[in-house]
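I have a structure here, written as structure tokens, and I will follow up with some questions on it.
The values are calculated or read from the model by the stated rules, or taken from the named source; none is laboratory data. Being a predicted model, the structure only gives us computed values, none of them experimental. Here the Cβ positions follow ideal geometry from the backbone for every residue, glycine too, while neighbour counts run over all protein chains shown.
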Amino acid sequence: MLFNQLGEWIGVVSLQSFNWVYRTAEIAMWIGDSTEWGKGLATGMIEIVCRHAFERMNLNRIWSGTAETNRGMQKAFEKNGFRKEGVFRQGMFLSGRYADIFCYSLLAQDWGERKATAK
Ligand SMILES: CC(C)(COP(=O)(O)OP(=O)(O)OC[C@H]1O[C@@H](n2cnc3c(N)ncnc32)[C@H](O)[C@@H]1OP(=O)(O)O)[C@@H](O)C(=O)NCCC(=O)NCCS
């Protein structure tokens with residue numbers, strides 16, 4: 001759950017769809033309060049969740065899918081080093097039409113390389 005500085009609930013971020021054999025999980029989020037958009041919240045939350053996933057939970061792969069039109073979500077993933085790895089063509093129905101889902105992932109090795117180059 002995400003809260004603003006007044007303690008009001010503004011959205012959620014979660015790790016879900018765990019596969020404990022392959023050590024993978026999906027990251028999902030939304031921020032319902034549009035006045036909070038564009039402040040870096042999604043970018044920051046993705047980093048926090050990925051750190052927990054790789055460094056505490058020993059997961060190997062975090063993945064997510066987002067609508068082709070959701071440029072904010074795509075940029076937040078790309079800023080955290082996620083790679084676009086494919087497209088589920090017409091994978092969702094959004095605003096009266098079928099829309100593609102862009103698939104992103106970050107691997108433990110990507111996370112390690114990013115940490116090494118950040119030093
Ligand atoms: C998509 C969403 C999660 C992005 O969260 P956010 O906290 O606004 O994202 P950030 O502030 O970290 O922004 C990341 C980048 O995307 C850009 N961005 C944010 N919203 C954008 C938009 N609507 N269009 C284009 N770029 C956008 C930001 O400017 C930033 O880029 P920059 O660093 O180059 O300036 C949030 O807007 C949201 O929840 N929207 C509604 C529900 C939704 O779409 N959920 C996702 C379902 S998969």
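Taking F54 as meeting all but one of (1) surrounded by fewer than 17 Cβ atoms within 10 Å (Cβ to Cβ); (2) within 29 Å of G112 (Cα to Cα), write down the number of the exception.
Unmet condition: (1).
For the structure I just gave you, tell me whether I48 is surrounded by fewer than 16 Cβ atoms within 10 Å (Cβ to Cβ) and either part of a loop (DSSP other than H, G, I, E, B) or among the aliphatic types (A, V, I, L, M) (or both).
Values: surrounded by fewer than 16 Cβ atoms within 10 Å (Cβ to Cβ): yes; either part of a loop (DSSP other than H, G, I, E, B) or among the aliphatic types (A, V, I, L, M) (or both): yes.
The answer is yes for I48.
Which residues, counting only those in the stretch 1-32, are assigned to a loop (DSSP other than H, G, I, E, B) and surrounded by 13 or more Cβ atoms within 10 Å (Cβ to Cβ)?
N4, R23
Give me the pairs: first residue in the stretch 5-27 and within 19 Å of E47 (Cβ to Cβ), second residue part of a strand (DSSP E or B) and of a type in the set (G, A, S), beta-carbon distance under 7 Å, and six or more apart or on different chains, which are they?
S14/A28; L15/A25; Q16/A25; Q16/A28; A25/S17; E26/S17; E26/S64; I27/S64
Among residues belonging to the stretch 33-45 that are part of a helix (DSSP H, G or I) and within 21 Å of S95 (Cβ to Cβ), point out the one that is nearest to the ligand (Cβ to nearest atom).
A42
Scan the stretch 51-93 for residues that are hydrophobic (A, V, I, L, M, F, W, C) and either assigned to a strand (DSSP E or B) or away from the ligand (no atom under 16 Å from the Cβ) (or both) and jot them down.
Those that are hydrophobic (A, V, I, L, M, F, W, C) and either assigned to a strand (DSSP E or B) or away from the ligand (no atom under 16 Å from the Cβ) (or both): A53, F54, M57, L59, I62, W63, A67, V87, F88, M92, F93.
I'd like the full set of residues that are surrounded by 18 or more Cβ atoms within 10 Å (Cβ to Cβ) and either assigned to a loop (DSSP other than H, G, I, E, B) or touching a residue at least 60 places away in the same chain (Cβ under 8 Å) (or both), limited to the stretch 95-110.
Answer for the stretch 95-110, where residues must be surrounded by 18 or more Cβ atoms within 10 Å (Cβ to Cβ) and either assigned to a loop (DSSP other than H, G, I, E, B) or touching a residue at least 60 places away in the same chain (Cβ under 8 Å) (or both): there is none.
Shifting gears a bit: Only one of (1) exposed (fewer than 14 other Cβ atoms within 10 Å of the Cβ); (2) modelled with pLDDT of 95 or more is not met by F77, so which one is it?
Status for F77: all satisfied but (1).
Okay, moving on. Could you say which residue among T69, T35 is at pLDDT below 95 and polar (S, T, N, Q)?
Numbers: T69 fails: at pLDDT below 95.
Testing whether each residue is at pLDDT below 95 and polar (S, T, N, Q) leaves just T35.
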